[in-house]
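The values are calculated or read from the model by the stated rules, or taken from the named source; none is laboratory data. From a predicted model like this one, the values you see are computed outputs, not experimental measurements. As a convention, Cβ positions derive from the backbone with ideal geometry for all residues, glycine included, and neighbour counts pool all protein chains shown. Protein only, heavy atoms only, side chains kept; ligands, DNA and RNA dropped before computing areas. Shrake-Rupley method; radii C 1.70, N 1.55, O 1.52, S 1.80 Å.
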Protein chains: 2
Amino acid sequence: VRERERIQRLSELFGVARDDGIELGIGDDAAILRAPGDLAIVWTVDAHVEHVHFERTWLSWEDCGYRSFMAAASDVSAMGASPWCALGALSLPPDVSDKDFESIADGQKLAAQAVSARIVGGNLSAGAIVTLTTSVLGLTPRAIRRQGAAVGDGLWICGEVGLAAAGLRALALGHSAESVERAVLAWRRPVPRVTAGLAMGRTAHAAIDVSDGLVCDVGHLAEASGVCVAIDLALLVAHGGDALARAAEAVGADPVDLALNGGEDYALVAASSAPIDGFSRIGDVREGMGVYVRDERGERRVEATGFDHFAPRG
Amino acid sequence: VRERERIQRLSELFGVARDDGIELGIGDDAAILRAPGDLAIVWTVDAHVEHVHFERTWLSWEDCGYRSFMAAASDVSAMGASPWCALGALSLPPDVSDKDFESIADGQKLAAQAVSARIVGGNLSAGAIVTLTTSVLGLTPRAIRRQGAAVGDGLWICGEVGLAAAGLRALALGHSAESVERAVLAWRRPVPRVTAGLAMGRTAHAAIDVSDGLVCDVGHLAEASGVCVAIDLALLVAHGGDALARAAEAVGADPVDLALNGGEDYALVAASSAPIDGFSRIGDVREGMGVYVRDERGERRVEATGFDHFAPRG
């Protein structure tokens, strides 16, 4: 009965969409959609798991719904697509109250609205831990993959890198100074990059979103494209600006390390031979393989240190 | 690194599909699809959660992958659609070995093959409990909803009801007699009803799959359609046959109660004015509301007792 009432509540909250090819939303065995015939569909799923991706003390339930949604929507933006509609599967322990549940749904709705997507269904179940799994469908005239980066392309970025990792670290350490506020917000409320994703249009040769860390994710792009990517640290630090420097200092971390290895900001990175609206250049694409960084000391190959979604590193 | 290797393994196992409108499968930010323009898309997600839907001692890892996939695919069949492609999000604790992981994936693949669907992506994460979340896209010329049942329609069923619940009860009680073997198999390896789903074609006015119990799910259909549904217990018991009777006796349950309230067989139930290939008639649709059963003692309204996916009831 409780599940039934909650589904009813979601149906009211998310609305019954009958536009944009959505023929039926919440309330049946499945949602019914019609994709415009001339667009490609991109499709992703992402799970947000308690004790792995977050602790309850680190964010509000609304934040929880919001960021779990954005992590999934980001994959769609990274393909140069517009988020179209979404399903949310929620596993919730009994101690998550109806009010908490509503806050999670509010967060999902806010995030969906921010990317102009509709939530058209989902699944509710019990579970010993909170798990929010979001699947998003997006539409695009041309999907941009990880492969396709060409030698001579610039490496372009839209959005912060490292700030969310500084925020996560602050939360894990219990810091709450004014200097980490923006970083905490970056972690709790990742900014959608839909406009930037669309701006990649026909210009970008390859793209990826930074969920696991810049070196790690750019490494995926380089490998898929069969190229080497070199990141200019001066450009990267300039891009990060004062907020990253201050947050890094507050949590006792190196801003360059945060920028290179911090995940969950969901910045977009693209390889392109021409500038892209809203993107800053931070490097270039060359022959070879792997990821290099260069600074006044010269150039060296870097490996991803493997961003841990959970634990702060010492 | 382990996640990377596991994704690579899934990519090998599930194959790189380049047919049926699948342009890109596993390995990028999202899958890329092209839906045939004249078909509706139906879309669902379902979670299979340890300690809620199963205990590890009740099934093999391959069963686990298989049944989690079928539960989601069933929602697509219930809309009269063909499963097209799927994403699987797996949250796995550290003690789930690489071998266990492969067995889960084998089960997903077997299930996908059984319904002619392709697994085109997913998500891997850690988690304190095993959670397998499957999203399925299906295609159909005409989606059949819960609403639409008309007064005078027959109520038709394809597949067992109650057998899986008997099997679950046997597993929970530790029974392993020959008399419960079919019931245990019904729970571990639910039979896909794709052909039956397609057979509903233009004939069925409304349909649903039985995941929570016949009375509960038919109640949803009745409510959505604004009608009353009457189930003939003699027809239902005849449909259940000897296997249900024997399994019910072995686990000390009433076969009629199992058939009315047992979930997870994923039978399809349709309201139709004409017979449907592969379906048996078990009742009819009338004016009014709610679900009634009739037997030699007469007719009475029944409420769903609420099938508990986990605990056997005493």
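For segment A:136-199, the fraction of alpha-carbon pairs lying more than 20 Å apart is 49 percent, rounded to a whole number. Compactness of segment A:162-314 is given as radius of gyration and Dmax, 15.1, 45 Å, from Cα positions.
To the nearest whole percent, what portion of all C-alpha pairs in the protein assembly as shown is separated by more than 31 angstrom? Intermediate results must be reported in sequence, preceding the final value.
Values: 100098 of 196878 pairs.
Beyond 31 Å sits 51 percent of the P(r) for the protein assembly as shown.
Taking all pairs of distinct Cα atoms, average 1/r, flip it, and tell me the Kirkwood hydrodynamic radius of segment A:1-111 in Å to one decimal place.
Values: mean 1/r = 0.0653 Å⁻¹.
It is 15.3 Å.
For segment A:52-154, the convex hull drawn through the C-alpha positions has a volume of 127 cubic angstrom per residue.
Here each label is just a point 7 Å from Cα along the line to Cβ, and for B:Asp20 and A:Glu12 those points are 4.0 nm apart.
Residue-level result for chain A: its Cβ closest to the axis carrying A onto B, with that distance in Å, is A:Gly37, 2. One quarter of the convex hull surface built on the alpha carbon atoms of segment B:102-230 amounts to 10.7 nm², the projected area averaged over directions.
For segment A:154-230, report the translational diffusion coefficient in µm²/s to the nearest whole number, using Stokes-Einstein at 10 °C, 1.306 mPa s, and a Kirkwood Rh over Cα pairs.
Working: Rh = 14.1 Å.
Estimated diffusion coefficient is 113 µm²/s.
Average accessible surface for segment A:151-248: 34 Å² per residue, computed with a 1.4 Å probe over protein heavy atoms with every protein chain in place.
Quick one: work out the % antiparallel among DSSP beta bridges in the protein assembly as shown, nearest 5. Bridges in the protein assembly as shown are about 75 percent antiparallel.
Residues whose amide H comes within less than 5 Å of that of A:Tyr292, counting only those at least five positions distant or on another chain, are A:Val229, A:Ala230, A:Ile231, A:Val302 (H built at 1.01 Å from N in the peptide plane).
Loop-only check: which trypsin sites (Lys or Arg not before Pro) in segment A:207-308 are DSSP coil with at most 11 other Cβ within 10 angstrom?
Values: sites: A:Arg246, A:Arg281, A:Arg286, A:Arg294, A:Arg297, A:Arg300, A:Arg301; in loops: A:Arg297.
Passing sites in segment A:207-308 are A:Arg297.
Restricting the trypsin sites (Lys or Arg not before Pro) of segment A:1-77 to loop positions (DSSP other than H, G, I, E, B) with no more than 12 neighbouring Cβ atoms within 10 Å leaves A:Arg18. In nanometres and ascending order, the distances from the B:Arg4 label point to those of the other copies are 5.1 (point 7 Å from Cα along Cα→Cβ).
Across the copies of the chain, B:Thr305 has label points (7 Å from Cα along Cα→Cβ) spaced 5.8 nm apart, shortest distance listed first.
Taking amide hydrogens as placed 1.01 Å from N in the peptide plane, the amide H of A:Arg118 sits under 5 Å from those of A:Cys85, A:Ala86, each at least 5 positions away in sequence or on another chain.
Take every pair of alpha-carbon atoms less than 8 Å apart whose residues are at least six positions apart; their mean separation over the length of chain B yields a relative contact order of 22 percent.
Round to a whole angstrom and tell me the spacing of the C-alpha centers of segment A:244-308 and segment B:233-273. Each part's Cα centre sits 60 Å from the other's. Between identical copies, the spacing of B:Gly241 label points, each set 7 Å from Cα toward the C-beta atom, reads 6.9 nm from nearest to farthest. Here chain B is scanned for GluC sites (Glu not before Pro) in DSSP loops (not H, G, I, E, B) that have at most 15 other Cβ atoms within 10 Å, and the longest stretch holding none of them is B:56-286.
Here B:Lys109 is the anchor, and the lysines within straight C-alpha reach of less than 30 Å, apart from those fewer than 8 places off in the same chain, are B:Lys99.
Label point of A:His51 set 7 angstrom out along Cα-Cβ; within segment A:124-167, amide nitrogens under 11 Å from it belong to A:128-130. For segment B:96-161 versus segment A:183-219, the inter-centroid distance based on Cα atoms is 31 Å.
What's the carbon and sulfur percent of chain A's accessible surface, probe 1.4 angstrom, rounded to a whole number? Intermediate results must be reported in sequence, preceding the final value.
Details: 5830 of 11620 Å².
Of the solvent-accessible surface of chain A, carbon and sulfur hold 50 percent.
Normalised by residue number, the volume inside the convex hull of the Cα atoms of chain A is 123 Å³ per residue.
Length gained on full extension, A:Arg2 to A:Leu198: 66.5 nm, using 0.36 nm per residue less the C-alpha separation.
When chain A is treated as a GNM with alpha-carbon contacts under 10 Å, the residue of A:Thr57, A:Thr131, A:Thr203 showing the greatest mean-square fluctuation is A:Thr57.
Taking the Cα centre of chain A as reference, the dipole from Cβ charges on Lys and Arg (+1) and Asp and Glu (-1) amounts to some 380 debye.
Relative intensity of segment A:238-294 on a log10 scale, I(q)/I(0) at q = 0.13, 0.18, 0.23, 0.31 Å⁻¹, equals -0.43, -0.79, -1.12, -1.37, per a Debye sum over C-alpha point scatterers of equal strength in the absence of solvent. Between chains A and B, what is the buried accessible area summed over both chains (1.4 Å probe, protein heavy atoms, nearest 100 Å²)? Interface area, both chains combined: 4400 Å², rounded to the nearest 100.
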